[in-house]
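These notes concern the structure reproduced below.
The values are calculated or read from the model by the stated rules, or taken from the named source; none is laboratory data. Nothing here was measured: the structure is a model prediction, and the numbers come from that model. Note that we place each Cβ from the backbone using ideal geometry, even for glycine, and neighbour counts take in every protein chain shown. Protein only, heavy atoms only, side chains kept; ligands, DNA and RNA dropped before computing areas. Shrake-Rupley method; radii C 1.70, N 1.55, O 1.52, S 1.80 Å.
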Amino acid sequence: MSFHRKLIVSLAAASALLAGSAQAQYVGPTAGPTAPSSVAAILKNPVDDQAVVLRGHLLRKVSKEKYTFSDGTAEIRVDIDDKVFMNRKIDAKTQVEIRGEVEKDFMESPEIDVDVLTVVP
């Protein structure tokens, strides 16, 4: 076997090994910081833009698209756009699940910007 042919075979084998190891790398989700599981935990340590999922009740409307939400541990203001609310009839007795992000602006109380509102049967 000539030198050039050996070199080509060696390079091809090395490429195959490198390609195989690149495909074997794990690219799925990794364990990171866990999201807070209660309003009390959010209020204790609010982290801006942190994703949250909470179940509880909308206690009252505070202003346009602003409501007070409670999960039984504490109360927090939530911002729910009309398009997210979708004209559903929800009162203080209706259990809901909210999915959104914590909004923590300087010198203001934290609130949750709700992306998804689901009525829990």
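Tell me, please, whether a residue that is aliphatic (A, V, I, L, M), farther than 20 Å from Val120 by Cα and touching a residue at least 24 places away in the same chain (Cβ under 8 Å) can be found in the range 90-107. So far as the range 90-107 goes, yes, one or more of its residues are aliphatic (A, V, I, L, M), farther than 20 Å from Val120 by Cα and touching a residue at least 24 places away in the same chain (Cβ under 8 Å). Only residues that are assigned to a strand (DSSP E or B) and open to solvent by less than 80 Å² (accessible area, probe 1.4 Å) were counted in the range 91-102, giving 7. Condition check: open to solvent by 70 Å² or more (accessible area, probe 1.4 Å) and modelled with pLDDT under 95. Does Asp105 satisfy that? Yes: the conditions hold for Asp105. Taking the range 108-121 as the range and being open to solvent by less than 20 Å² (accessible area, probe 1.4 Å) and under 13 Å from the mean Cα position of the chain (by Cα) as the test, the residues that pass are Ile112, Val114. Within the range 41-80, the residues that satisfy the criterion of being under 18 Å from Thr94 (Cβ atoms) and assigned to a loop (DSSP other than H, G, I, E, B) are Glu65, Asp71, Gly72.
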